[in-house]
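> To start, I am sharing the structure in question, which I have written as structure tokens.
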Amino acid sequence: MPNFLFRRAEIAARTLAGGSAAFRAAATAAVVLLTLSLTACGGDASGNSDSEKPVVLTTFTVLADVARNVAGDKLTVESITKAGAEIHGYEATPGDIRKAAKADLILDNGLNLEAWFGQFVEGLDVPHAVVSDGVEVMSISEDSYQGKPNPHAWMSPVNVQIYTDNMVKAFSELDPENAAVFKANGDAYKAELQGVQDEMKASLAGLPENQRALVTCEGAFSYLARDAGLKEVYIWAVNAEQQATPQQITRAIEYVKANQVPAVFCESTVSDAPMRQVVGATGAKFGGTLYVDSLSEADGPVPTYLDLIRHDAELITKALAGTSTASPGAKS
Ligand SMILES: [Zn+2]
């Protein structure tokens, strides 16, 4: 029997065990029987039946997509937050907690991205892995977050190669029988990540020296800007309850004016109203909606992480080079 089934049975037995030792023994026996019969009925050594696959739960859609590339058809991967959701200040629902309690592994980004996560997993008997472990962390340089890690490490595809390695390791511990599959999937995906990293850098390298500023709502592009040699400017550091103060907006306006920045951007999960103010005060164009903290729905512009990087690089290049067709006011 695969390890995760043992584990699930053990957790179920503990959950069921309310009062007496006799009840606990009976519950354990029932669960063991159930598990044995599941294994016997499954009959498929490769574990391809959906109900038998271990369930991996990620905190947001970007991680879910990367995880699916590593898992292939061996694991069921789901995201707690849906496409378009705000991830930093998300509030987990009782349904999320029920879902998490039944999962076999939970993946989080770490670096303070999921402010709600510690409380969320407290008391859950489910292993979790922090997929950003081992990346070279950049610090936030402004506002009250100064010196704290910038959580958006996935905006560098080379960092996501490290995420991929961490997932290969976590999945192999969860389901050792398929370790070779996870390794092969991970290697193939890392090659794709390298490809998209090279494309992104080549695309942004063509921008003239005086148009190399990336002005966004949230300071979520530090890693991408570092990789592509852009200067990053933002209205607020990290999405939070209080953002876009008059001082923060004035600071962005002054920078855009002083540097004659041709286009500015905002992200899909936040209101772009503050950036519209910058546009109104400076004459810069609104360059369009960037994706960072969430993928789009399957039929939207960025259903996968690789699409997200390609989309953002193309939008930034076109808008800053003045060839954008994005109309002011249009939000994709
Ligand atoms: Zn963010």
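> If you add up the charges near VAL292, with Lys and Arg at +1 and Asp and Glu at -1, over every other residue whose beta carbon is less than 10 angstrom from its beta carbon, what do you get? Mind dumping the intermediate values first?
Numbers: positive: none; negative: GLU218, GLU267, ASP293, ASP312.
Charge balance near VAL292 sits at -4.
> Which whole-percent values make up P(r) of segment 123-170 when all C-alpha to C-alpha distances are grouped in 5 Å steps starting at zero?
Answer for segment 123-170: a P(r) of 5, 20, 22, 17, 16, 12, 7, 1 percent.
> Net charge near GLY229: determine it from the other residues with C-beta under 12 Å of the C-beta of GLY229, scoring Lys and Arg +1 and Asp and Glu -1.
Values: positive: LYS201, ARG212, ARG226, LYS231; negative: GLU209, ASP227, GLU232.
Here the count lands on +1.
> Now a separate question. Normalised radius of gyration for segment 185-240, please: alpha carbon Rg relative to 2.2 N^0.38 Å, two decimal places.
Details: Rg = 13.7 Å, N = 56, 2.2 N^0.38 = 10.2 Å.
Expressed relative to 2.2 N^0.38 Å, the Cα Rg reads 1.34.
> Starting from a Cα-only point model with no solvent, please compute log10 I(q)/I(0) by Debye for segment 231-273 at q = 0.14, 0.16, 0.20, 0.21 1/Å.
The Cα Debye sum returns log10 ratios of -0.33, -0.43, -0.67, -0.74.
> Moving to a separate point now. Over segment 205-320, one equal point on each Cα, no solvent: what is log10 I(q)/I(0) by the Debye formula at q = 0.09, 0.15 Å⁻¹?
Results for segment 205-320 at q = 0.09, 0.15 Å⁻¹ read -0.22, -0.61.
> Roughly how far apart, in whole Å, are the Cα centres of segment 114-145 and segment 207-268?
One Cα centre to the other: 24 Å.
> Further question on the same structure: Sort TYR189, TYR145, TYR291 by Cβ crowding within 10 Å, fewest neighbours at the top.
Details: TYR189 23, TYR145 18, TYR291 26.
Exposure proxy ranking, most exposed first: TYR145, TYR189, TYR291.
> Name the long-range amide H neighbours of VAL77: under 5 Å, sequence gap of 5 or more, or other chain; modelled H, no Pro or chain starts.
Answer set, sorted by chain and number: VAL56.
> For segment 86-185, build the convex hull from the C-alpha positions and give me its volume per residue in Å³. Could the numbers behind the result be given before it?
Numbers: hull volume 12.0 nm³, N = 100.
Per-residue hull volume (Cα only) is 120 Å³.
> Which net charge results when you count Lys and Arg as +1 and Asp and Glu as -1 among the other residues whose beta-carbon is under 9 Å from that of ALA313? Write down the numbers at each step before the final one.
Values: positive: LYS201, ARG310; negative: GLU199, ASP312, GLU314.
It works out to a net charge of -1.
> To continue, here is another question. Name the long-range amide H neighbours of LEU105: under 5 Å, sequence gap of 5 or more, or other chain; modelled H, no Pro or chain starts.
Here the answer is VAL55, LEU57, since their amide H atoms fall under 5 Å of that of LEU105.
Coordinate-derived values only; no laboratory data. Treat the numbers as computed from the prediction; the structure is a model and nothing was measured. Please note: Cβ atoms are built from the backbone with ideal geometry, for glycine as well, and neighbour counts cover all protein chains shown.
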